[in-house]
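Peer 1: Input: one structure, supplied below.
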Amino acid sequence: MAVKKIYQLGSDILRKKSVGVKKFDDQLVKTVNDLRDTLKDFQKRFKIGRAIAAPQIGVHQKIVYFNKDHEILMVNPEIVEKSSETFQVWDSCFSFKVSFFVKIERAKRIKVKYQDIKGNQYIKIFEDDLSELFQHEIDHLYGILATDRLKSKKDIIMREVWEERYNK
Ligand SMILES: [Zn+2]
């Protein structure tokens, strides 16, 4: 069990670009276990959240980990296609402690090429909520945060207001 510190908005750690995973070894297994433990701990404490990217715990490797009902691990994810159709979402982040939300635009569908923990290749299409989620997580691998994608300065609201409006 290793719950790691999640770096917060303003930290330079979140701005550094990640490198591709080359070795599918014990170190990768350890990082994935840390991501799993850290995500579960956050979900328990904050009652929200679906996924985490390795740079958020200070590991600058291209790894994204999702866990909500089921688990999806993406090693070296790459968006190979994006729909021109977009939609607006209220997005937040563990690195904001999910204390506020920003309204941003994301592609409705994405096609992602990625590997699993053993290096096997996959290509999958994700739509709607999973599409915007994985765009968010893959952004982390390039040092991009949800706040960078704000179009209007007014499209930022506290979690409390978001819950009143959308999560009744
Ligand atoms: Zn995030």
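The values are calculated or read from the model by the stated rules, or taken from the named source; none is laboratory data. Source: prediction; values computed, not measured. Virtual Cβ from ideal backbone geometry, glycine too; neighbours counted across all protein chains shown.
Peer 1: How many residues does region 119-142 contain that are more than 10 Å from the chain's Cα centre (by Cα) and outside any helix (DSSP H, G or I)?
Peer 2: 10
Peer 1: Does region 70-88 contain any residue that is under 13 Å from the mean Cα position of the chain (by Cα) and aromatic (Phe, Trp, Tyr)?
Peer 2: no
Peer 1: Name the residue that is nearest to Asp139 (Cα to Cα), counting only residues in region 46-77 that are without any contact (Cβ under 8 Å) to a residue 40 or more places away in the chain and away from the ligand (no atom under 16 Å from the Cβ).
Peer 2: My answer is Glu71.
Peer 1: What are the pairs, 6+ residues apart or on separate chains, where a residue within region 1-25 that is basic (Lys, Arg) has its Cβ under 6 Å from a residue that is at pLDDT 95 or above?
Peer 2: Once the first residue is basic (Lys, Arg) and sits in region 1-25, its partners that are at pLDDT 95 or above give Lys4/Asp34; Lys4/Thr38; Lys4/Ile57; Arg15/Gly143; Lys16/His60; Lys16/Gly143; Lys17/Tyr142; Lys17/Gly143.
Peer 1: Of all residues being within 12 Å of the ligand (Cβ to nearest atom) and not in a helix (DSSP H, G or I) in region 143-168, which is farthest from Ser84 (Cα to Cα)? Just the residue, please.
Peer 2: Checking each candidate, the answer is Gly143.
Peer 1: Count, please, the residues in region 54-84 that happen to be under 17 Å from Asp129 (Cα atoms) and touching a strand residue (DSSP E or B) at 6+ places or on another chain (Cβ under 7 Å).
Peer 2: 10
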